[in-house]
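For reference, the structure is listed below as structure tokens.
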Amino acid sequence: MTSVSTNIVNLQEKIRMIEIPKNVYDNIINIVEKHYPLEACGVLLGKIENETAKVVEVKEIKNVLESASMFWFDIKEWMNVILEAKERKLEYIGLFHSHIKGSPIPSLPDRHRMLECPEEVWIIVSYKSGTKPDIAAWRINDFGSSIMKLRLEIK
């Protein structure tokens, strides 16, 4: 998957900040709530300018694991979402998924998956029914040498 992601994620841009409009954030939370208590996931699409990824749209994709503690998706579904977005001049920014316990910090399995696509943004939403969601954005930097928390603004 790394060779595919190299062609999808613009590695020239070192993303340090994520901007998400309120309506897109609300869409993410709705997807997470809809699938609770299972983990939900989706694709982040938008524009990358300088060091800022501006998410303008998210597309839900199926968690094929149907698990409360892990997620993954069908690679063909993921690729179809990305290719369709490219036709509309949107860039692939990364993924979002939910954690139903704990915090929005990448789990060990998350970190292993993140290593497959360095520089890809991962947004994690920690959600438990009846509580306020906690959200954070991450990426692997320097081809696996470190994990970086990104500044996240909901506008």
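Based on what the data block shows, is V32 at pLDDT 95 or above, touching a Ser or Thr at 6+ places or on another chain (Cβ under 7 Å) and crowded, with 22+ Cβ neighbours inside 10 Å?
Details: at pLDDT 95 or above: yes; touching a Ser or Thr at 6+ places or on another chain (Cβ under 7 Å): yes; crowded, with 22+ Cβ neighbours inside 10 Å: yes.
Criteria met by V32.
Give the residues of region 107-117 that are free of Cβ contacts under 8 Å to residues at least 60 places away in the same chain and either closer than 22 Å to E19 by Cα or of a type outside the set (K, R) (or both), sorted by residue number.
As a first pass, look at region 107-117 and keep what is free of Cβ contacts under 8 Å to residues at least 60 places away in the same chain: 107-115.
If the condition is that a residue be free of Cβ contacts under 8 Å to residues at least 60 places away in the same chain and either closer than 22 Å to E19 by Cα or of a type outside the set (K, R) (or both), then S107, L108, P109, D110, H112, M114, L115 are the ones that fit.
Could you tell me whether W122 is surrounded by 12 or more Cβ atoms within 10 Å (Cβ to Cβ), in contact with a Gly (Cβ under 8 Å, 6 or more places away or on another chain) and closer than 19 Å to C41 by Cβ?
Criteria met by W122.
Of the numbered conditions (1) modelled with pLDDT of 95 or more; (2) more than 19 Å from K59 (Cα to Cα); (3) among the hydrophobic types (A, V, I, L, M, F, W, C); (4) touching a Gly at 6+ places or on another chain (Cβ under 9 Å), I105 fails exactly one; give the number of that condition.
Only one criterion is unmet by I105, namely (4).
Any chance region 48-55 includes a residue that's crowded, with 22+ Cβ neighbours inside 10 Å and within 20 Å of E153 (Cβ to Cβ)?
yes
The values are calculated or read from the model by the stated rules, or taken from the named source; none is laboratory data. Computed from a prediction, not measured in an experiment: that's the story for all the values here. With ideal geometry, Cβ positions are generated from the backbone for all residues, glycine too; neighbour counts draw on all protein chains shown.
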